[in-house]
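Notes for the one structure printed next.
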Amino acid sequence: MTVLLDSWAWIEFLKDAPRADKVAPYLEQPHDIIISTVNIAEICLYLLRHSKAEFITFITERCNVFPVTETIAMNAATIKHQQKMGLADAIVYATAQEHGATLVTGDPDFKGRKGVLYIGP
């Protein structure tokens, strides 16, 4: 199974927060994990704010990193327009769709959307 672990999931795991146990199986079991460069920017910002920048290597070594292509950008614009979500979230969602991945997140903006496994409260 291909999964895109959203920034929310990675940060939950790195903080060892209450839902970290819901994220851990995706790192322990054989999954094809992908990540958007937008997620990397969001996670890096969190890590820099908490003086934990060394963890970005932990993430990028476990994932296939995908940049924002022209196709993803155009699909994200359509998603943002039609579904009224933030542009960064729309890019991440479009990236998951482009690569046939299940988006794993606890971000309530994604709750109930097709192709999303919601693990939040």
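Some notes on this structure:
- Some residue of the stretch 24-46 being out of contact with any helix residue (DSSP H, G or I) (no Cβ under 7 Å at 6 or more places or on another chain), in contact (Cβ under 8 Å) with a residue 12 or more places away in the chain and among the hydroxyl-bearing types (Ser, Thr, Tyr): yes
Per-residue answers, yes or no, for (1) surrounded by fewer than 17 Cβ atoms within 10 Å (Cβ to Cβ); (2) part of a helix (DSSP H, G or I); (3) of a type outside the set (Asp, Glu); (4) over 14 Å from the mean Cα position of the chain (by Cα):
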position	(1), (2), (3), (4)
Trp10	no, yes, yes, no
Pro18	yes, no, yes, yes
Asp21	yes, yes, no, yes
Tyr26	no, yes, yes, no
Pro30	yes, no, yes, yes
Ile35	no, no, yes, no
Ala41	yes, yes, yes, no
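- Close pairs from the stretch 3-18: first at negative phi and among the basic types (Lys, Arg), partner buried (at least 24 other Cβ atoms within 10 Å of the Cβ) and in a strand (DSSP E or B), Cβ under 6 Å, at least 6 apart: none
- Taken over the stretch 59-94, the residue count meeting the criterion of being acidic (Asp, Glu), within 20 Å of Ile33 (Cα to Cα) and loosely packed, with under 15 Cβ neighbours inside 10 Å is 1.
- Among the residues of the stretch 64-113, those that are among the charged types (D, E, K, R) and either at positive phi or in contact with a helix residue (DSSP H, G or I) (Cβ under 9 Å, 6 or more places away or on another chain) (or both) comprise Lys80, Lys84, Asp89, Glu98, Asp107, Asp109, Arg113.
- When Thr95 is tested against (1) more than 16 Å from Ala9 (Cβ to Cβ); (2) touching a residue at least 60 places away in the same chain (Cβ under 8 Å), only condition (1) is not met.
- Residues that are in contact (Cβ under 8 Å) with a residue 40 or more places away in the chain and over 21 Å from Phe66 (Cα atoms) within the stretch 107-121 comprise Ile119, Gly120, Pro121, listed in sequence order.
- Ala53 being without any contact (Cβ under 8 Å) to a residue 12 or more places away in the chain and touching an Asp or Glu at 6+ places or on another chain (Cβ under 7 Å): no
- Helices (runs of 4 or more DSSP H) completely within the stretch 47-121 that count 1 or more residues being modelled with pLDDT under 90: 55-60
The values are calculated or read from the model by the stated rules, or taken from the named source; none is laboratory data. Note that the structure is predicted; figures quoted are calculated from it, not measured. Every residue, glycine among them, receives a Cβ derived from its backbone with ideal geometry; neighbour counts consider all protein chains shown.
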